Structure formats: structure tokens, C-alpha cells
There are 2 protein chains.
Amino acid sequence: MNKMKKLTVIKIGGKLLDNEAAWQAAMDDFDKIPGAKILVHGGGKLASDLSRKLGIEPEMVEGRRITDSAALEVATMVYAGLLNKKLVSYLQSRGTNAMGFSGADGNLILSDKRSVGEIDFGWVGDVKTINTTLLISLLEQNVTPVFCAITHDGQGQLLNTNADTIASVLSAGMADKYQTTLKFCFEKNGVLLDPLDDKSVIEKLSKTAYLQQKENGVISAGMIPKIDNALAAKQAMVYQVMICGTNGIQSSKGTEICL
Amino acid sequence: MNKMKKLTVIKIGGKLLDNEAAWQAAMDDFDKIPGAKILVHGGGKLASDLSRKLGIEPEMVEGRRITDSAALEVATMVYAGLLNKKLVSYLQSRGTNAMGFSGADGNLILSDKRSVGEIDFGWVGDVKTINTTLLISLLEQNVTPVFCAITHDGQGQLLNTNADTIASVLSAGMADKYQTTLKFCFEKNGVLLDPLDDKSVIEKLSKTAYLQQKENGVISAGMIPKIDNALAAKQAMVYQVMICGTNGIQSSKGTEICL
């Protein structure tokens with residue numbers, strides 16, 4: 001049987017993107033990952049900064065942020081424009097043949113607008129399908145895709161989409177073609193037993209343990225969607241799923257998510 | 001001998017991009033062009049609008065616009081982000097497998113920062129090389145590249161670049177691989193003998209006639225760089241070069257540039 005090729009999917013986001021020296025150091029590590037790789041990036045606080053400068057108040061309903069048309073335009077400018085092209089240009093200077101994408105490009109990520117329930121989230125998309133054929137073809141040509149968290153509905157509408165979910169679904173879509181490692185990199189060194197102690201990294205977190213910790217309130221609210229996305233990838237046969245800091249890009253440091 | 005495949009390069013810009021119904025109609029025509037095709041787009045006045053909203057005054061030296069760091073960030077957001085992704089998403093909805101690029105993506109267009117002479121133009125790039133290998137591979141995969149007018153220097157620096165020049169140099173770079181037609185589409189129906197009479201389109205403009213008309217002041221200042229870019233493409237063996245209105249996307253209406 002053919003041994004599967006390796007693919008590494010790295011998601012970066014959060015405060016990391018607000019500090020140029022920090023993301024450049026992370027990209028230096030990303031550049032050194034051998035073989036096929038994909039970068040997925042969130043937005044950091046640049047989009048909020050731009051909105052504020054433009055006098056656009058974030059629309060909130062029951063504490064949840066709503067993506068109205070103005071917010072979508074800002075997100076598209078900051079994520080697909082400024083951040084994506086800065087990351088691509090930096091990676092190119094390091095020797096990685098990066099190519100930046102939204103989900104609309106090559107129809108790589110097709111989403112459905114989230115249906116209106118108790119809250120109308122606005123122009124928010126939930127990922128429906130990945131164009132794996134084109135993605136594999138790009139990887140085979142030694143291209144490193146760099147995805148921002150903007151997708152589309154195939155009908156001409158761009159949609160704001162969660163970057164963790166994009167990383168999870170992309171990895172899941174590639175899991176039967178590549179031995180895929182997915183790493184969610186953020187400002188902590190992993191899932192922490194004590195949020196105030198950066199050394200209390202949980203080495204392996206099983207689904208059962210996670211559900212218990214969640215019940216006990218040990219795992220903080222902000223971590224829950226991230227771990228859910230990690231578990232979804234693991235359940236979709238992604239070979240290895242990690243939640244880690246940037247020191248986990250080149251090493252196996254961090255929290256490994258298990259079933 | 002192998003008959004060469006056809007490639008159509010369409011450049012759209014100017015006022016066309018400020019009117020959604022206008023650019024969508026143009027994209028409906030672009031979608032119907034058979035075979036390999038590339039879109040290059042300028043910025044319209046959206047970037048100036050955003051700058052003004054952000055309180056960034058355009059820096060001018062001797063009547064020429066300077067791209068300082070703030071202006072480059074705005075251009076990257078508007079051209080590579082908002083406009084590029086709107087065009088890509090719209091084309092995808094029409095069935096064209098569009099993929100949006102800056103020159104940094106896949107190192108498709110490498111530029112040199114314009115050297116500082118009497119004027120320091122700031123972060124402005126002059127195109128140096130085109131990654132024709134990757135571009136041809138994308139076209140062969142039925143991908144339609146959509147280029148914004150942002151390139152890079154290969155050292156991590158993004159650069160603002162003239163969209164007409166990008167269209168010209170791209171076409172020139174492909175001219176020995178494809179029978180290439182280049183059309184510069186803008187708000188007039190072609191090069192006009194009388195700027196006030198939209199019916200006074202010059203059908204064929206030779207280099208000699210152009211130099212005479214320029215001497216006589218018949219061809220207005222704004223048209224000169226466009227015609228220079230058109231002539232450069234023609235001299236680089238591009239099969240057909242047109243300056244036209246959007247009614248020229250699907251027809252041969254407009255001004256044909258000849259040597």
C-alpha cells in the first residue's frame with residue numbers, strides 16, 4: 001500500500017496577528033515545515049480597529065457580534081486584503097511559495113449563509129464543501145495555500161467564516177488523501193488546567209476528559225469552540241490534532257486532542 | 001505546426017469599478033469569453049473614498065500621488081481585498097472559475113520598487129518578471145486569474161503598481177505561448193478624435209499616427225500612458241491590442257493599436 005504523503009495545516013489567529021514581530025517569527029517556523037502545508041489565519045483586532053476608525057459600531061445582539069454589510073466589507077478588506085497579502089509576501093521572502101485565498105477563489109470553500117434562528121448573525125457562512133481537487137493540485141505544484149476566513153455562497157455573496165472551523169473542515173477534507181496534522185496555534189501554549197499558569201498545559205485531552213473538564217468549569221468558555229473544532233477534525237480521521245502556542249509549530253509541544 | 005491556443009486579457013478600471021451594475025454587466029460579458037482568460041482590475045475611487053474616511057490625506061508631490069505606508073495599506077485592503085474578492089465571487093456565481101491574485105501570490109508578478117529620482121513615489125513597483133510557468137499551469141486547469149494592482153519585491157514588501165502596466169506585461173509574457181488579445185476597457189468607447197464626442201472612435205491607431213496626434217494635442221494627457229502600455233504589448237508580439245469600452249469585451253468595437 002502507498003504510504004500517504006504528509007500535510008500540515010497550521011491555523012494562526014488571536015493576539016499573534018496583532019504583533020508583527022510575533023507573526024513573522026511564527027512564519028519563519030512555518031516556512032521550515034517540510035512537505036505540503038496550508039496556513040489558515042484569523043483576523044486579530046485589526047478589523048475592529050479599522051471599524052472604529054471608520055466610525056462603524058460593531059452590531060451586537062445578546063452579546064454576539066453580527067456581520068452586517070459594513071462589517072463584512074471591513075472583514076474582507078482586512079482579512080483577504082491586508083493580512084493575507086502581508087503573510088503571503090512575507091512567506092514568499094522566506095522561500096515558501098505561498099498563495100493567498102478566500103473561499104471564493106477557485107471556489108475553494110463554499111459556505112451556506114447561517115440560517116436565521118433566534119439571532120440573525122448576518123453575513124456569516126458555515127462551511128459546506130471544499131474543492132479538494134483544486135487544493136490537491138495546488139499542493140502538488142508546491143504551492144502553499146494561505147486562507148483567510150472569508151468564504152462565499154457560490155451566488156456572489158461573500159461570507160464571514162470562523163477561521164478555526166475552516167482549518168478543521170479543510171483538514172477533514174484532506175484526511176483521506178494526506179496523513180494530516182492540524183495545529184491550532186494561539187497565544188497560550190495549549191489547553192491549560194489553570195488559565196493563569198502557562199505551564200499547566202494538558203498533554204493529551206480526550207473527548208471524555210474534555211467533557212468532564214467542561215462540566216467542571218476548568219476549561220474556559222473561549223476554549224470550547226476551539227476544542228470542538230479540534231474534535232470534529234479528529235473524528236473526521238485527521239491523523240493528529242494539536243492546540244498549541246507558536247512554540248508548537250516546529251515541535252510537538254502543546255495539547256494533543258484524542259477521541 | 002501547432003496552432004496556438006487563444007488567451008484574452010481584459011483590463012477594467014476607472015469609473016467602471018465605482019458602479020456595481022456597470023462592472024457586473026461587464027463581468028457578464030467577460031464570463032462569456034471562451035477559452036483561457038485573465039482579468040486585471042484597477043481601483044476606481046474606492047481607495048480615495050476609504051482614505052478620506054480614515055482621515056488620510058493623499059500625499060502629492062508636484063501633482064503626482066505618492067504611495068506612503070498608509071496609502072499602501074489602503075490600496076492593499078481595497079484592491080486585493082474588497083474589489084478583488086467581490087469580482088471573484090461574482091464571476092464564480094456566473095460559472096467562471098475565477099481566482100484572485102496579487103503579484104505576491106505564487107510570486108506571480110515580481111516588481112522593483114521604483115527608484116527615487118526627482119520624485120520619491122514611495123511604495124510603487126515597476127514590474128520585473130512574470131511567473132509564466134505557474135500562470136500557464138493555472139490556465140490549463142481552467143482557472144481564470146483575476147489580478148489586482150498590488151505586486152511585491154520578493155523581499156516581503158508589497159508595492160502599488162499600475163494596472164495598465166500589469167495587463168501589458170502579463171500579455172507580453174504570454175505572447176509566445178498563446179495567441180493573446182489584450183483589451184483595455186474603460187469608460188470611453190476607445191481612443192477618441194474628439195474627447196467630447198463618444199462616436200469619434202479611432203478604429204486603428206498606428207504608432208506613427210499616435211505620435212502625430214500626441215504632438216498635435218489631439219490625444220489627451222490621460223490617454224498617453226494607456227496607449228504607451230498598449231504599444232509596449234504590441235511591440236512584445238501580443239497578437240491584438242484594443243482600447244475600448246465595455247461594449248468591446250464581446251465584440252471588436254474600439255480602437256485597435258498597431259505598430
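Brief remarks on what is shown
- Largest GNM mean-square fluctuation across B:L39, B:L50, B:L83, computed for chain B with C-alpha springs under 10 Å, falls on B:L50.
- Inter-chain neighbour count for A:88-97: the average number of beta-carbon atoms from partner chains within 10 Å of each residue's beta-carbon is 6.
- Result for chain A in a Gaussian network model with C-alpha springs under 10 Å: among A:K53, A:K226, A:K128, the largest mean-square fluctuation is at A:K53.
- Spherically averaged projected area of chain B from its Cα convex hull (nm²): 14.3 nm²
- Top of A:Q24, A:Q155, A:Q235 by mean-square fluctuation, Gaussian network on chain A, Cα under 10 Å: A:Q155
- For A:D112, the distances from its label point to the matching points in the remaining copies are 5.4 nm, ordered from shortest, with each point set 7 Å beyond Cα toward Cβ.
- Straight-distance candidates among the aspartates and glutamates for linking to A:K226, with alpha-carbon spacing under 18 Å and chain neighbours fewer than 8 residues away dropped: A:D126, A:D164, A:E187, A:D194, A:D198, A:E203, A:E215, A:E256.
- When only alpha carbons are used to place a centre, region A:166-186 and region A:205-252 end up 13 Å from one another.
- Mean separation of Cα contacts under 8 Å (6+ apart) over length of region A:112-259, as relative contact order %: 24 percent
- Taking the C-alpha atoms of the protein assembly as shown, convex hull volume expressed per residue in Å³: 160 Å³
- Count Lys and Arg as plus one, Asp and Glu as minus one, and take only other residues whose Cβ is under 9 Å from that of A:T246; the net charge is then -2.
- Cα gyration tensor shape for region B:1-48, rounded if a/c is under 1.5, else prolate or oblate: oblate
- Within 10 Å of the Cβ of each residue in A:47-56, the mean number of Cβ atoms contributed by other protein chains is 1.
- For region B:1-135: rounded, prolate or oblate by the Cα gyration tensor [a/c cutoff 1.5]: oblate
- The simple spin-label model puts a point 7 Å past each Cα toward its Cβ; for B:S251 and B:E59 those points are separated by 4.6 nm.
- Residues in region A:77-111 that a label on A:K32 would reach, taking backbone N under 19 Å of a point 7 Å out along Cα→Cβ: A:90-98
- Charging the Cβ of each Asp and Glu at -1 and of each Lys and Arg at +1, and nothing else, the dipole of region A:5-258 about its Cα centre rounds to 680 debye.
- Between B:A221 and B:K207, the contour length at 0.36 nm per residue exceeds the alpha carbon distance by 3.4 nm.
- For B:S251, inter-copy label distances in nm, listed shortest first [label point 7 Å out on the Cα-Cβ vector]: 6.9
- Farthest toward the positive end of the dipole of region A:1-53, out of A:G14, A:G35, A:A25, is the Cα of A:G35, where the dipole comes from beta carbon charges about the Cα centre.
- Here A:A22 and B:K177 are evaluated by their C-beta separation; at R0 = 45 Å the FRET efficiency comes out at 0.60.
- Within straight-line cross-link reach of B:K113, lysines at Cα separation under 18 Å, skipping those fewer than 8 residues along the same chain: A:K85, A:K86, B:K128
- Relative contact order, whole percent, for chain A stands at 21, derived from Cα pairs under 8 Å and 6 or more residues apart.
- At full extension, A:K5 and A:S200 could sit 66.8 nm farther apart than now, given 0.36 nm per residue minus the alpha carbon distance.
- For region A:154-206, the set of trypsin sites (Lys or Arg not before Pro) satisfying both a DSSP loop assignment and a count of at most 10 other C-beta atoms within 10 Å is given as A:K199.
- Under a model in which nothing but the beta-carbon of Lys, Arg (+1) and Asp, Glu (-1) is charged, the protein assembly as shown shows a dipole of about 1340 debye around its Cα centre.
Taken together, the values in this text are just the output of simple stated rules run on the coordinates, not laboratory data. Keep in mind the model is a prediction, meaning the values are calculated, not measured. All Cβ positions, glycine included, derive from the backbone under ideal geometry; neighbour counts span all protein chains shown.
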